[in-house]
Amino acid sequence: VRRVRTHHLREMKERGERFAMLTAYEMYAAQTFDEAGIQVLLVGDSASNNVYGNETSLPVTVDELVPLVRAVTRSARRALVVADLPFGSYQASPEQAFHTAVRFMKEANAHAVKLEGGTEMVPQVEKLTQSGIPVMAHIGFTPQSEHTLGGYRVQGRGDTATRVLDSAKAMEAAGAFALVMEMVPGDVAEKVTAELTIPTIGIGAGPHCDGQVLVWQDAFGLRTGRMAKFVKQYADVHGVLLDAARRYAADVADGSFPGPEHTF
Ligand code: KIV
Ligand code: NA
């Protein structure tokens, strides 16, 4: 099997073909999504709230994410594996971004890194790309800036649309190979996608992006509760696990498991 490379995503954009990205944080999810043909796996800092039990993405650390990235790169035979740089690990300077990205590349075999921010992140993106580290940018609603942005809100409505376009162009010019746009109006994302040569990847950014990304625990129903408008539910993994765990507990309680066929 041939590894998906950053240039393949750009070629797909040129051919008008869409690609899919999902989060993955461990072996079986990575293997399964890879087998399904998902082109890009993101070890997101969303592991903070989907693996480590935090309420937001802010607390997760590089030390916590490195082993998860290592598990995913060991498990994905074909997918491009992107490591998310967590809050506080790259904003201080291009040098800080470089040292953090190098940890993900050397200790976890990441194929690329992702960071949040637009024009203000140009020095970081230039430093990384000039050092041979592919960078995926992330603009629009950026969860690490939740407290500045005033919670989960659509970005780029009305007058602020030009700011989204400017950020997108700055990331492309700085050398990013792809651009995630989160919670951006569909018409704004469409314009950005048309004006960039690098592929765009939407999450709550409408149907005109070159690719789409979702957090798998949301899309496949491991997490329950209120979902953002942009999430489509493809499965009820929580329901499957809950039912299995309840039947197992009941079988143990009434002595019907283990049966003779499970006994040496
Ligand atoms: O951490 C994450 O899961 C992400 C995606 C939703 C883009 O950044
Ligand atoms: Na993220």
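Test Glu120 against the criterion of being more than 16 Å from ligand 2 (Cβ to nearest atom), free of Cβ contacts under 8 Å to residues at least 12 places away in the same chain and in the same structural domain as Ala24 (by TED's automatic domain parsing), and give yes or no. Even if it seems obvious, please write down each step before you answer.
Details: more than 16 Å from ligand 2 (Cβ to nearest atom): yes; free of Cβ contacts under 8 Å to residues at least 12 places away in the same chain: yes; in the same structural domain as Ala24 (by TED's automatic domain parsing): yes.
For Glu120, the condition - more than 16 Å from ligand 2 (Cβ to nearest atom), free of Cβ contacts under 8 Å to residues at least 12 places away in the same chain and in the same structural domain as Ala24 (by TED's automatic domain parsing) - is met.
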Quiz item: When the range 35-78 is examined, which residues are found to be among the acidic types (Asp, Glu) and more than 21 Å from Gly211 (Cβ to Cβ)?
Solution: Glu55, Asp63, Glu64
Quiz item: So which helices (runs of 4 or more DSSP H) stay within the range 66-166 end to end and still have 3 or more residues that are crowded, with 17+ Cβ neighbours inside 10 Å?
Solution: 94-108, 122-130
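Let's see how each residue does on (1) at pLDDT below 95; (2) in contact with a strand residue (DSSP E or B) (Cβ under 6 Å, 6 or more places away or on another chain); (3) within 14 Å of ligand 1 (Cβ to nearest atom):
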{"position": "His111", "(1), (2), (3)": "no, yes, no"}
{"position": "Glu120", "(1), (2), (3)": "no, no, no"}
{"position": "Met136", "(1), (2), (3)": "no, yes, yes"}
{"position": "Gly140", "(1), (2), (3)": "no, yes, yes"}
Exercise. For Glu116, work out the one condition from (1) of a type in the set (Asp, Glu); (2) modelled with pLDDT under 95; (3) touching a strand residue (DSSP E or B) at 6+ places or on another chain (Cβ under 8 Å) it doesn't fulfil.
Key: (2)
Quiz item: In the range 178-185, is there at least one residue being away from ligand 2 (no atom under 16 Å from the Cβ) and out of contact with any Asp or Glu (no Cβ under 8 Å at 6 or more places or on another chain)?
Solution: yes
Practice problem: Within the range 123-167, work out how many residues are within 15 Å of ligand 2 (Cβ to nearest atom) and within 23 Å of Leu80 (Cβ to Cβ). | Solution: 9
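When residues of the range 66-96 are filtered for being closer than 25 Å to Thr142 by Cβ and under 18 Å from the mean Cα position of the chain (by Cα), how many remain? Working first, answer last.
If we filter the range 66-96 for residues that are closer than 25 Å to Thr142 by Cβ, which is where we start, we get 66-69, 72-73, 79-96.
With the extra rule that they be under 18 Å from the mean Cα position of the chain (by Cα), the set shrinks to 66-69, 72-73, 79-90.
Count: 18.
State all residues of the range 30-51 that are within 16 Å of ligand 2 (Cβ to nearest atom) and over 21 Å from Gly204 (Cβ atoms); if no residue qualifies, say none.
Within the range 30-51, the first condition is being within 16 Å of ligand 2 (Cβ to nearest atom), and the residues that meet it are 40-51.
Within the range 30-51, just Val51 meets the criteria.
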Practice problem: Inspect all residues belonging to the range 23-37 and state whether any of them is within 14 Å of ligand 1 (Cβ to nearest atom) and within 24 Å of Gln155 (Cβ to Cβ). | Solution: yes
Quiz prompt | Test set (1) in contact with a Leu (Cβ under 8 Å, 6 or more places away or on another chain); (2) under 25 Å from Phe87 (Cα atoms); (3) of a type in the set (A, V, I, L, M) - Val192 fails condition number | solution = (2)
Self-check item: Elements of type strands (runs of 3 or more DSSP E) in the range 170-264, at least 2 residues being assigned by TED's automatic domain parsing to the domain that holds Gly132, at pLDDT 95 or above and touching a helix residue (DSSP H, G or I) at 6+ places or on another chain (Cβ under 8 Å)
Solution: 178-182, 200-203
Exercise. Scan (1) in contact with a strand residue (DSSP E or B) (Cβ under 7 Å, 6 or more places away or on another chain); (2) more than 12 Å from ligand 1 (Cβ to nearest atom) for the single condition Asp63 breaks and write down its number.
Key: (1)
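The values are calculated or read from the model by the stated rules, or taken from the named source; none is laboratory data. Only a predicted model underlies this, so the values are computations on that prediction, with no experimental measurement involved. When we count neighbours, we look across all protein chains shown, and the Cβ atoms used for this are built from the backbone with ideal geometry, even at glycine.
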